[in-house]
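The block underneath contains the structure these notes are about, expressed in structure tokens.
The values are calculated or read from the model by the stated rules, or taken from the named source; none is laboratory data. Bear in mind the structure is a predicted one, so any value in this text is a computation, not a measurement. Virtual Cβ from ideal backbone geometry, glycine too; neighbours counted across all protein chains shown.
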Amino acid sequence: MIIDVALVRRLVAEQFPHWADLPVRPVAVGGNDNRTFHLGDAMSVRLPSAEGYVAGVEKEQRWLPVLAPHLPVPIPAPLAQGRPGAGYPWPWSVNRWLDGTTAAHDTVADQTEFAVDLAGFLTALQGVDTGGEPAAGRHSFWRGATLAHYDDETRKAIAALDGRIDAAAATAEWDAALGAHWQGNPVWFHGDVAAGNILVRDGRLAAVIDFGTSGVGDPACDLVIAWTFLDAPARDAFRKALNVDDATWQRGRGWALWKALITFDSGKDSPRQVETLLGGTRLR
């Protein structure tokens, strides 16, 4: 399916004619799960790229307004929900546009300061009470649930990469993560705390976007950025600010290892992240 400017213009004209004269253009940095477009200067249009991501539309519409007042930086604010039309088969969203630049090593002024600010955001997110819903599950791609959902996939990746990675070390790390059980009460998690879903302004944390894999459960999945983006001092500051126990930190390493292994095995990334987790630069 081609999701382009022409499609967005047709959808907006059909369903929100009062916005039909606003210009539509792609965002500078897009994602895989959804396609996002500017709608005028103050709004964005967000469309799932495949059926598996559709559940995130209603979830974000329902819960983002609940979360927003409790968080220290802005998150997307839904303005309208679109319906299937113009040849597009799924619901979609119109959100308020958030200013900022995607987090990157050249846009973050101070990694340790950024890590502490991000930890503050996650602490606030975990403190929002929703009565246990939406519980982690298929809609969150099992983020917030047990790592055992990805056990077979991870072990197959380790076997396929044997000889290119230290398979014994990877297996030991994975087994340790599986054995580090979650003992706490379910809390809110974002589910995809990655640099591409974080906006900065003047070098500081400015907003967090893309809550499509969010839910309520084990927050260890939100620690992955500690190994995929933060340097060693920032990683230590992040853990300290979050007050993460050893078991949760180990599960976070497990989430990072799973994603690094399957991405490397698919040929979409270099072994750098696997080496960071397992090799001579093994991180705490």
Within region 157-187, can you find the residues that are more than 18 Å from G252 (Cβ to Cβ), in a loop (DSSP other than H, G, I, E, B) and touching a residue at least 12 places away in the same chain (Cβ under 8 Å)? R164, D166
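Conditions (1) surrounded by fewer than 16 Cβ atoms within 10 Å (Cβ to Cβ); (2) at pLDDT below 95; (3) assigned by TED's automatic domain parsing to the domain that holds S214; (4) closer than 27 Å to D218 by Cβ, marked per residue:
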{"position": "Y88", "(1), (2), (3), (4)": "no, no, no, no"}
{"position": "V116", "(1), (2), (3), (4)": "no, no, yes, yes"}
{"position": "A135", "(1), (2), (3), (4)": "yes, no, yes, yes"}
{"position": "I165", "(1), (2), (3), (4)": "no, yes, yes, yes"}
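Yes/no per residue for (1) of a type in the set (A, V, I, L, M); (2) under 30 Å from P48 (Cβ atoms):
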site	(1), (2)
N185	no, no
I198	yes, yes
G203	no, no
D218	no, yes
D231	no, no
R239	no, no
W249	no, no
Region 121-132 residues that are closer than 16 Å to K240 by Cα, paired with ones that are assigned to a helix (DSSP H, G or I) and of a type in the set (D, E) (beta carbon under 8 Å, 6 or more apart): L122/D222
Of the criteria (1) in a helix (DSSP H, G or I); (2) modelled with pLDDT of 95 or more; (3) crowded, with 20+ Cβ neighbours inside 10 Å, which one V216 fails: (1)
Of the residues that make up region 135-149, is at least one closer than 30 Å to I3 by Cβ, hydroxyl-bearing (S, T, Y) and in a helix (DSSP H, G or I)? yes
Considering region 221-236, residues that are surrounded by fewer than 20 Cβ atoms within 10 Å (Cβ to Cβ) and either under 12 Å from L118 (Cα atoms) or not small (G, A, S) (or both), and then whichever is nearest to the chain's Cα centre (by Cα), we arrive at T228
